[in-house]
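The values are calculated or read from the model by the stated rules, or taken from the named source; none is laboratory data. Keep in mind that this is a model prediction, so the values were computed, not measured. So basically every Cβ, Gly included, is an ideal-geometry build from the backbone, and we count neighbours across all protein chains shown. Ligands, DNA and RNA are stripped out before the accessible areas are found, and what is left, the full protein with its side chains, is counted by its heavy atoms. Shrake-Rupley method; radii C 1.70, N 1.55, O 1.52, S 1.80 Å.
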Amino acid sequence: KLERTIDHAIKGEFIDANDLREVFMNLLDNAYGEANDTSFGALFAALQSHDVSPELVRVLYDVVVQYDNTGERMHELNGQQRYGIVGSGKDTVKTFNISTCAAIVAASAGIDIVKNGSRSESSVTGATDIIESLGIPPGLRDDQAISYLDQHHFVYADAGVYFPKMSRRYVGKFLFFHPLSYLLSMASGVAFNNIVFGISDRNTQKVANLLDACDVNNYMVVCGEVGDGMIDEISTCGPTMITVRIHGTKKSYVLEPEEIGIERSQAQDIASGKTPDDNKRIALDILSGTGTIAQEDIVCVNAAAIMLLSGDAKDMKSGVQMARDLLRSGAAATKLAELQGAVYDT
């Protein structure tokens, strides 16, 4: 089935969804021995050139979010609106942990936030690393995670905790972009139905089409420019490519910082610290309202994206002001203290 599936993918022919599911499971189980990694690469390189149908996207997504999770895949939403914040990584500009700070700001507004991430592969501090250093539990599971989210409007989902086999066999292996790169970023043990998705690829429409196939309600896919590089965030240093869908209305556009009242920053203004402790201090300063203007600005514009999707803000500019108010009023600092002091069953 592996050979047949790869052959069909190379030729652009119909791929049986059940065959793809079985092959993928076998790859994760290392069923092909010494040839496993070569086979893994061959399949995804072939799929890269294939027109990935919604059916195939659903197969990959279902495997990504189900495989190797010993509990239930996801708790039902039951009409709840939850907002995922996801970054694809592979930024060409290294920044501090922007989306993690933005997630906590949005949670301080009472929006239910599921922040996905993993430990650092190439950056100074990965999302899991910064969450752990801030004293927030990085790996709650099942009912524990849902209870934490319900109480605090925030939960962090580490990919390595929920999907250890997927993380071990895939994360960091491929340098090229592939649908699985994005779908893996969405893998979470806690269901969410809206998403702000940062990618370091200008083709935001491509990823938006994947989200359409995964039946996401509302989304914003963003890729920001910083000089000649790119970040998987909304940028305050240059234009940001955006594809957004809210209540069924979908559009793509380019957002300049000045359009939402932000003075343009420089790459060094939003740069990562040199050590994990540096990045912890940056996050603490921002969330306590004492970060630099440039650091505050980029956190606020990314929090604004969540507020726009949730309906709390009517547009990005008003969302930025709401986020700024949450930082300067102390609401974000209060939320961080709440998350740090939360009592949960271990």
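Tell me whether the range 249-260 contains one or more residues that are in a loop (DSSP other than H, G, I, E, B) and touching an Asp or Glu at 6+ places or on another chain (Cβ under 9 Å).
Checked the range 249-260: no residue is in a loop (DSSP other than H, G, I, E, B) and touching an Asp or Glu at 6+ places or on another chain (Cβ under 9 Å).
In this structure, is Ala337 small (Gly, Ala, Ser), assigned to a helix (DSSP H, G or I) and out of contact with any helix residue (DSSP H, G or I) (no Cβ under 8 Å at 6 or more places or on another chain)?
For Ala337, the condition - small (Gly, Ala, Ser), assigned to a helix (DSSP H, G or I) and out of contact with any helix residue (DSSP H, G or I) (no Cβ under 8 Å at 6 or more places or on another chain) - is met.
Quick check on this structure: which one of Tyr219, Tyr253 is crowded, with 19+ Cβ neighbours inside 10 Å, closer than 19 Å to Gly319 by Cβ and aromatic (Phe, Trp, Tyr)?
Tyr219
Cβ-Cβ distance below 9 Å, separation of 6 or more or different chains: which pairs start in the range 153-168 with a residue that is of a type in the set (Val, Ile, Thr) and end on one that is modelled with pLDDT under 85 and open to solvent by less than 10 Å² (accessible area, probe 1.4 Å)?
Once the first residue is of a type in the set (Val, Ile, Thr) and sits in the range 153-168, its partners that are modelled with pLDDT under 85 and open to solvent by less than 10 Å² (accessible area, probe 1.4 Å) give Val155/Leu140; Val155/Val190; Val161/Leu140; Val161/Gly189.
Scan the range 282-292 and give yes if some residue there is hydroxyl-bearing (Ser, Thr, Tyr), under 27 Å from Leu140 (Cβ atoms) and not in a helix (DSSP H, G or I), otherwise no.
There is at least one residue in the range 282-292 that is hydroxyl-bearing (Ser, Thr, Tyr), under 27 Å from Leu140 (Cβ atoms) and not in a helix (DSSP H, G or I).
Each row is one residue, and each column tells you yes or no for (1) at pLDDT 95 or above; (2) under 21 Å from the mean Cα position of the chain (by Cα); (3) open to solvent by 60 Å² or more (accessible area, probe 1.4 Å).
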position: Glu296; (1), (2), (3): yes, yes, no
position: Ala305; (1), (2), (3): yes, yes, no
position: Lys314; (1), (2), (3): yes, no, yes
position: Lys317; (1), (2), (3): yes, no, yes
position: Ala342; (1), (2), (3): no, no, no
position: Thr346; (1), (2), (3): no, no, yes
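One line per residue, one yes/no per condition, for (1) open to solvent by 30 Å² or more (accessible area, probe 1.4 Å); (2) modelled with pLDDT under 75:
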site	(1), (2)
Glu3	yes, no
Ala31	yes, no
Asp37	yes, no
Ser53	yes, yes
Val57	no, yes
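In the list Arg264, Arg245, which residue meets the criterion of being open to solvent by 10 Å² or more (accessible area, probe 1.4 Å) and under 23 Å from Ala106 (Cβ atoms)?
The conditions single out Arg245.
Looking at the range 293-310, is at least one residue assigned to a loop (DSSP other than H, G, I, E, B) and more than 24 Å from Gly139 (Cβ to Cβ)?
No, there is no match, as no residue in the range 293-310 is assigned to a loop (DSSP other than H, G, I, E, B) and more than 24 Å from Gly139 (Cβ to Cβ).
Considering only residues that are without any contact (Cβ under 8 Å) to a residue 24 or more places away in the chain and out of contact with any strand residue (DSSP E or B) (no Cβ under 7 Å at 6 or more places or on another chain), look in the range 231-266 and name the one that is nearest to Val320 (Cα to Cα).
This residue is Glu258.
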